[in-house]
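Below you'll find the structure, written out as structure tokens, and then a few comments.
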Amino acid sequence: MKFRLVTLALLIPFLLTLSGCGSYVQRMVMRSLGSIGEPIKAPPRMITTPILPNAKLAVSWVGHATVLIQIEDKIIITDPLFTNTIGLLVKRYVKPGLDPALLTRVDFTLVSHIHFDHFSYGSLDMLPKNGTLVIPLGAVRYTPDFGFKDVEALKAWQSIDEDGVKITAVPAQHFSGRYGFDRRWLGGLDYTGYVIEYRGYTVFFAGDTGYNSELFKEIGRRFKIDLAILPITPGSLTNPGSGVHVGPVGALMIFKDVGAKYMMPMHYGTFFYGSETNPNAAIDRLREVAKEEGVLDRIVDLQMGGQRILF
């Protein structure tokens with residue numbers, strides 16, 4: 001315990017100085033340190049049947065950006081995060097809604113970018129290794145040998161086609177780096193979104209992104225999307241968001257730009273972002289705006305541990 005506290009004391013000034021995320025990360029760390037000793041809340045639900053029978057397209061929300069996508073017989077997981085903390089510093093507010101030990105197979109594991117809350121080494125270690133790990137091209141040097149059957153590194157608009165599943169990396173508007181000081185040499189190649197196509201169904205996973213109308217309209221022109229999985233924090237509750245994150249309003253704008261049939265919000269409620277007191281403020285605001293715009297019935301609004309069969 002003493003060693004861990006000393007390590008944290010040395011790491012905190014370093015990460016707060018070098019992090020590229022901005023002041024909200026500093027607030028997250030300080031809030032997390034203030035909650036040492038407090039229990040992590042249980043999720044509202046727990047997934048007990050990860051693979052659903054007779055589902056053509058189904059989604060299960062584990063928490064944060066971790067989504068289990070089932071397209072008929074194929075299982076895909078996004079940005080797996082099962083650990084209790086990010087980089088030992090930032091503690092979860094809610095535990096994951098899935099025990100990864102229940103997963104007997106994962107056909108594709110998608111990592112959108114190399115930030116600690118999306119590229120979690122400890123979480124990847126917990127997954128079955130009988131599938132393919134898909135990463136952004138710039139993540140290669142950060143990727144240990146986890147033992148996956150295969151590893152594919154993609155840059156924007158590159159695709160892989162494996163056993164009938166086509167996965168295309170698509171642009172996102174985010175920022176580079178894992179440790180702060182490494183942003184300059186990555187050149188934006190370490191973050192991406194993904195479009196998954198299989199047996200007539202198409203799912204867009206945005207990863208972490210700011211709003212860029214032309215970027216998302218181009219994705220909509222290239223793909224006929226059934227489901228867009230989009231982040232809604234950290235970002236403003238009243239405008240589209242910052243250059244690197246969207247809030248609820250920006251996520252709904254992306255939803256319209258890509259022309260998806262349904263939208264699933266994620267990336268909220270798992271951690272406290274900055275100084276907010278209500279971790280569910282973003283989803284409350286999304287419901288409000290979606291109702292005003294007449295699209296509430298097209299929002300796949302899941303609790304952590306919740307599942308939905310769309311087709």
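Tabulated data
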{"item": "Given (1) within 25 Å of VAL249 (Cα to Cα); (2) assigned to a loop (DSSP other than H, G, I, E, B); (3) aliphatic (A, V, I, L, M), index of the condition LEU186 fails", "result": "(1)"}
{"item": "Test set (1) under 19 Å from the mean Cα position of the chain (by Cα); (2) of a type outside the set (Val, Ile, Thr); (3) on the phi < 0 side of the Ramachandran plot - GLY177 fails condition number", "result": "(3)"}
{"item": "Strands (runs of 3 or more DSSP E) (entirely within the stretch 225-311) containing at least 1 residues that are over 15 Å from the mean Cα position of the chain (by Cα)", "result": "262-266, 307-309"}
{"item": "The stretch 123-135, residues that are surrounded by fewer than 19 Cβ atoms within 10 Å (Cβ to Cβ) and part of a loop (DSSP other than H, G, I, E, B)", "result": "MET126, PRO128, LYS129, ASN130"}
{"item": "Odd one out for HIS115, checked against (1) in contact with a strand residue (DSSP E or B) (Cβ under 9 Å, 6 or more places away or on another chain); (2) surrounded by fewer than 22 Cβ atoms within 10 Å (Cβ to Cβ); (3) touching a residue at least 40 places away in the same chain (Cβ under 8 Å); (4) more than 21 Å from VAL203 (Cβ to Cβ)", "result": "(2)"}
{"item": "Output for the stretch 100-112, where each listed residue is touching a residue at least 60 places away in the same chain (Cβ under 8 Å) and either outside any loop (DSSP other than H, G, I, E, B) or surrounded by fewer than 23 Cβ atoms within 10 Å (Cβ to Cβ) (or both)", "result": "PHE108, LEU110"}
{"item": "Set GLY180, GLY200, GLY147, GLY210: member being in contact (Cβ under 8 Å) with a residue 24 or more places away in the chain, farther than 14 Å from ILE135 by Cβ and surrounded by fewer than 16 Cβ atoms within 10 Å (Cβ to Cβ)", "result": "GLY180"}
{"item": "Search result, residues across the stretch 284-308 that are surrounded by 17 or more Cβ atoms within 10 Å (Cβ to Cβ) and under 29 Å from ILE51 (Cβ atoms)", "result": "LEU286, ILE299, VAL300, LEU302, MET304, GLY305, GLY306, GLN307, ARG308"}
{"item": "Qualifying residue in the stretch 199-211 (condition: under 30 Å from ILE309 (Cβ atoms), at pLDDT 95 or above, aliphatic (A, V, I, L, M) and not in a strand (DSSP E or B))", "result": "yes"}
{"item": "Matching entry among GLY138, GLY97 (being surrounded by 19 or more Cβ atoms within 10 Å (Cβ to Cβ) and in contact with a Pro (Cβ under 7 Å, 6 or more places away or on another chain))", "result": "GLY97"}
{"item": "Among (1) among the hydroxyl-bearing types (Ser, Thr, Tyr); (2) at pLDDT 95 or above; (3) over 30 Å from LYS261 (Cβ atoms); (4) surrounded by fewer than 22 Cβ atoms within 10 Å (Cβ to Cβ), the one test that SER120 misses", "result": "(4)"}
{"item": "Residue under evaluation THR109, criteria (1) touching a Gly at 6+ places or on another chain (Cβ under 9 Å); (2) under 21 Å from LYS41 (Cα atoms), criterion not met", "result": "(2)"}
{"item": "Options ILE69, ILE75: the member that is out of contact with any strand residue (DSSP E or B) (no Cβ under 6 Å at 6 or more places or on another chain), assigned to a strand (DSSP E or B) and in contact (Cβ under 8 Å) with a residue 12 or more places away in the chain", "result": "ILE75"}
{"item": "Test: residue in the stretch 12-22 that is surrounded by 13 or more Cβ atoms within 10 Å (Cβ to Cβ), within 18 Å of the chain's Cα centre (by Cα) and modelled with pLDDT of 65 or more", "result": "no"}
{"item": "Matching residues in the stretch 289-307 - criterion: being in contact (Cβ under 8 Å) with a residue 40 or more places away in the chain and out of contact with any strand residue (DSSP E or B) (no Cβ under 6 Å at 6 or more places or on another chain)", "result": "VAL289, GLU293, VAL295, GLN303, GLY305"}
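The values are calculated or read from the model by the stated rules, or taken from the named source; none is laboratory data. Since this is a predicted model, take the numbers as computed values, not measurements. Neighbour counts are summed over all protein chains in view; Cβ atoms, including those assigned to glycine, are modelled from backbone coordinates with ideal geometry.
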